[in-house]
Amino acid sequence: MSNQLRSALKLLAMRFRGLVPRYSLRALLVGVALTAALIPIGQIGWRRFARYSEVRQYATLQASRTWPVASLQSFVIDEGRGVPDDFAILVRQGNTFGCFIPRNQFKRGESVEYDWYYRTDGLGRFDPSDPQVQSGRGFAGPYVFGSESVMITFGPFTIPWSGGGPGWGFIYFDYNPDPPDRSAPDVLRICSTDIKSLTLIDGRDGHWIYKSHREDRGLAGNQPANMQNTSRKTD
């Protein structure tokens, strides 16, 4: 190899080296640590934004409707308000937690499609990939005049439902609990949510208040079933 060729290659290598930034090991370690710290912060930020967006959407949907105020004797949850498509409804019986998401309400007559999830180990996350979570899809209805009420059923849960117009429905407390005063620890308790995404929901979170009837003060998700604090008088 000629001296001229060696000189040319050496000059080219020096120029290429100048284009590549130089980092010390310390700088690289700091960069890795910052990246590792920012990932969970970003995930928390995303969860908060997603929750905020879904809560706003739910509030907008409810504001578009006017619901008559239900009487104290009514079995409809949420003081008579309807529930829109695609928002999760939490249920529990004792320490068995479940969740269903109504879909296509009143699309095929007075009927409802729904995705359902439940677990019996006392936990409240509903990730379908978790082997402790049972999940599936159901259909209830259509209602035929003079027949029994439409029931959403899955696992140990049976929840009365009726249509409230396209995309809307009404969820009801148990009509015939045993015992009638609803004092059993495994009485059906229901909690509507303003959340769509299962990843944002933990049924054991104290934020969710489960009720068995209209006058029930409720049982927080993180409270054991034997801490129920009210019962309904029977006629």
query: For Ser71 and Arg103, what is the calculated FRET efficiency with R₀ set at 35 Å and r taken between the beta-carbons, to the nearest 0.05?
result: 0.75
task: Using +1 at the Cβ of each Lys and Arg and -1 at the Cβ of each Asp and Glu in segment 91-165, identify which of Val133, Ser111, Phe154 lies farthest towards the dipole's positive end.
output: Ser111
- prompt: Per-residue HN-Hα couplings for segment 78-87, Karplus 6.51 cos²θ - 1.76 cosθ + 1.60 at θ = phi - 60°, whole Hz, x for Gly and Pro?
  reply: 6, 6, x, 6, x, 10, x, 4, 6, 9
- prompt: When ranked by the protection proxy of mean other Cβ atoms within 10 Å per residue, highest first, what sequence do the peptides 187-197, 168-178 form?
  reply: 187-197, 168-178
message: With +1 assigned to the C-beta of every Lys and Arg and -1 to the C-beta of every Asp and Glu, and no other charges, what is the dipole magnitude of segment 73-207 about the Cα centre in debye, to the nearest 20?
response: 200
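Where a number appears in this text, it was derived from the coordinates with a stated rule and is not lab data. Model, not experiment: these values are computed from the prediction. When we count neighbours, we look across all protein chains shown, and the Cβ atoms used for this are built from the backbone with ideal geometry, even at glycine.
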